[in-house]
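Colleague: This is the structure I have questions about; it appears just below.
The values are calculated or read from the model by the stated rules, or taken from the named source; none is laboratory data. Because the structure is predicted, anything quoted here is derived from the model rather than measured. All Cβ positions, glycine included, derive from the backbone under ideal geometry; neighbour counts span all protein chains shown.
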Amino acid sequence: MPDMERNDVSGRPDDSPARAEERNGVRDELEGRLIRSGVVLSGSESDDQILAIADAVEAFEAARSAAGGDSMTNTPESSQPEDPHYVLPRRRDDESVDQYVTRVRDAAESI
């Protein structure tokens, strides 16, 4: 996953306008990927939370792929997935980021 927090040579976070623009671009890209994967975002997630969700989803997708699951037929929108275990869990409305990340990681391990 991309590093969204970079320090300058003194060890302090780099808050330059160019770095902020880069960080926003990475966040936009990750949010777009998550939304295309069917992940519901509230809009209040921090950069670290977006990274945690993206890492969990990436682990799930890698596990599904390693098991031979098709990412096109096993989507949250699919009416007939080949195996429900290969479908990325939906985030519930009342589910915190930490709870969702744990559930996605557990699902990845169960494949």
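Colleague: Step by step: first the residues of region 15-45, then only those that are closer than 21 Å to Pro89 by Cα and hydroxyl-bearing (Ser, Thr, Tyr), then the one that is surrounded by the fewest Cβ atoms within 10 Å (Cβ to Cβ). Which residue is that?
Modeller: For region 15-45, the residue satisfying everything is Ser44.
Colleague: Ok, one more. Give me the pairs, please: first residue somewhere in region 89-106 and in contact (Cβ under 8 Å) with a residue 40 or more places away in the chain, second residue anywhere and among the basic types (Lys, Arg), beta-carbon distance under 8 Å, and either six or more positions apart or on two chains.
Modeller: Tyr100/Arg91; Tyr100/Arg92
Colleague: Based on this model, can you work out whether Ala52 counts as of a type in the set (Gly, Ala, Ser), at pLDDT 90 or above and more than 27 Å from Glu22 (Cα to Cα)? First the steps, then the outcome.
Modeller: Working: of a type in the set (Gly, Ala, Ser): yes; at pLDDT 90 or above: yes; more than 27 Å from Glu22 (Cα to Cα): no.
Here the answer is no, as Ala52 does not meet what is asked.
Colleague: Quick check: anything in region 64-87 surrounded by 12 or more Cβ atoms within 10 Å (Cβ to Cβ), touching a residue at least 40 places away in the same chain (Cβ under 8 Å), more than 16 Å from Gly32 (Cα to Cα) and within 13 Å of the chain's Cα centre (by Cα)?
Modeller: For region 64-87, residues surrounded by 12 or more Cβ atoms within 10 Å (Cβ to Cβ), touching a residue at least 40 places away in the same chain (Cβ under 8 Å), more than 16 Å from Gly32 (Cα to Cα) and within 13 Å of the chain's Cα centre (by Cα): absent.
Colleague: Another question, then. Return the only residue of Glu61, Glu109, Glu29 being charged (D, E, K, R), touching a Ser or Thr at 6+ places or on another chain (Cβ under 7 Å) and part of a helix (DSSP H, G or I). If you could, list the steps in order and put the result at the bottom.
Modeller: Values: Glu109 fails: touching a Ser or Thr at 6+ places or on another chain (Cβ under 7 Å); Glu29 fails: touching a Ser or Thr at 6+ places or on another chain (Cβ under 7 Å).
Going through Glu61, Glu109, Glu29 in turn, just one is charged (D, E, K, R), touching a Ser or Thr at 6+ places or on another chain (Cβ under 7 Å) and part of a helix (DSSP H, G or I): Glu61.
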